[in-house]
1. Report, by residue number, each residue of the stretch 211-241 that is in contact with a Lys or Arg (Cβ under 9 Å, 6 or more places away or on another chain), within 14 Å of ligand 1 (Cβ to nearest atom) and either among the β-branched types (Val, Ile, Thr) or touching a residue at least 40 places away in the same chain (Cβ under 8 Å) (or both).
2. Can you pull out every residue in the stretch 12-71 that is of a type in the set (Asp, Glu) and not in a helix (DSSP H, G or I)?
3. For the stretch 1-54, name all the residues that are over 12 Å from Ile128 (Cα atoms), within 15 Å of ligand 1 (Cβ to nearest atom) and of a type in the set (A, V, I, L, M).
4. When you check Ile36 against the structure, is it within 15 Å of the chain's Cα centre (by Cα), away from ligand 2 (no atom under 13 Å from the Cβ) and buried (at least 24 other Cβ atoms within 10 Å of the Cβ), yes or no?
5. When both residues are 6+ apart or on different chains and their Cβ atoms are under 7 Å apart, which pairs have a first residue that lies in the stretch 162-179 and is of a type in the set (Ser, Thr, Tyr), and a second that is in a helix (DSSP H, G or I)?
6. For the stretch 114-166, which positions are crowded, with 19+ Cβ neighbours inside 10 Å and either on the phi > 0 side of the Ramachandran plot or charged (D, E, K, R) (or both)?
7. If you take the residues of the stretch 183-210 that are touching a residue at least 12 places away in the same chain (Cβ under 8 Å) and among the charged types (D, E, K, R), which of them is nearest to ligand 1 (Cβ to nearest atom)?
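The values are calculated or read from the model by the stated rules, or taken from the named source; none is laboratory data. These numbers were taken from a predicted model, which means no experiment stands behind them. When we count neighbours, we look across all protein chains shown, and the Cβ atoms used for this are built from the backbone with ideal geometry, even at glycine.
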Amino acid sequence: CKVIVIGNQKGGVGKTTTTSNLGIGLAKKGKKVLLIDADAQGSLTASLGFQEPDKLDVSLATVMANIINEEDMEPDYGILKHDEGVDLMPGNIELSGLEVSLVNVMSRELVMRSYIEQVKERYDYILIDCMPSLGMLTINALAAADSVIVPVQAHYLPLKGMTQLMKTIGKVQRQLNPNLKIDGVLLTLADMRTKLARTTEDSLRENYGKYIRIFKTVIPVAIAAAERSAAGQSIYEYDKNGTVAKAYAEFTREVIQCGEKQRNKHESSLSR
Ligand code: ADP
Ligand code: MG
């Protein structure tokens, strides 16, 4: 099982959209997928058709509280099923309260990791949609993950924000999770008709490409991508011949390839 955080402390960069469309893309390729909504706004949960996340009895906050209190749970406790073949651990407003109460908990950075350990063996991929902050829940997600994918708006050179995120990832690597990797940066919301998007893409590939993978796929901006969340469907159902569906399908292939490369590397280093 590979655990991937979809993270960027900037809001509106396409984290939630990427989590659901990558997750459902992987499920369409026959992978078993769990999506975790680690944002108190519950937008991943709502966009998958569970319209009122705050009314759910069980959410990520509940299972994390159970871990803290050492209460036993069935492995599928609180997990919802989406028609398009993914499982969802929903998130809602209770995560804000939980984040505050984590401060006084023993091993407070490792609560989500303990939860994921309990469900991991049932899945090929677990994707965690993070909130736009580098607070305790995001740290929990990074501590539980094998890798991070960073969605970035294509028309905006994200120098400052990226540095902060990289610092946090470095700190988590040193103190909590030495195996954490950065899978790469995904350019989203690209309006390819504009020169700005193209020059930003070029300069990002030129300046960062040697340090960090910039995924080849660029997700274009299209109104269907915004509408699909109100419909509770993935882009593959909502607008299956559109540019965004094609892009996310392509991106899904890149993510699978990237995982296979990492696995081969790991295996060859073990056999040496
Ligand atoms: P984040 O989770 O980083 O805040 P979202 O995935 O919620 O970002 O995306 C921000 C907004 O942009 C949402 O309203 C979403 O529906 C919309 N959006 C995301 N991707 C696209 C796209 N490719 N084209 C058009 N709108 C998009
Ligand atoms: Mg979001």
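1. Listed by number, the residues that qualify are Thr217, Ser234, Ile235, Tyr236.
2. Applying the first criterion (of a type in the set (Asp, Glu)) to the stretch 12-71 yields 37, 39, 52, 54, 57, 70-71.
Passing the criteria: Asp37, Asp39, Glu52, Asp57, Glu70, Glu71.
3. Within the stretch 1-54, Val13, Ile24, Ala40, Ala46, Leu48 qualify.
4. Working: within 15 Å of the chain's Cα centre (by Cα): yes; away from ligand 2 (no atom under 13 Å from the Cβ): no; buried (at least 24 other Cβ atoms within 10 Å of the Cβ): yes.
Spelling it out, it is not the case that Ile36 is within 15 Å of the chain's Cα centre (by Cα), away from ligand 2 (no atom under 13 Å from the Cβ) and buried (at least 24 other Cβ atoms within 10 Å of the Cβ).
5. Within 7 Å, no pair qualifies.
6. Asp129
7. Let us first name the residues in the stretch 183-210 that are touching a residue at least 12 places away in the same chain (Cβ under 8 Å), namely 183-192, 194, 196-197, 200-201, 203-204, 208.
Add one more test, that the residue is among the charged types (D, E, K, R), and what stays is 183, 191, 201.
Values: Asp183: 17, Asp191: 9, Glu201: 15 Å.
Once the filter is applied, the top-ranked residue is Asp191.
Every residue, every condition in (1) closer than 28 Å to Lys240 by Cβ; (2) hydroxyl-bearing (Ser, Thr, Tyr); (3) within 16 Å of ligand 2 (Cβ to nearest atom), yes or no:
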site	(1), (2), (3)
Ser20	yes, yes, yes
Lys32	yes, no, no
Ala61	no, no, no
Ile67	no, no, no
Asp87	yes, no, no
Ile93	no, no, yes
Ser101	no, yes, no
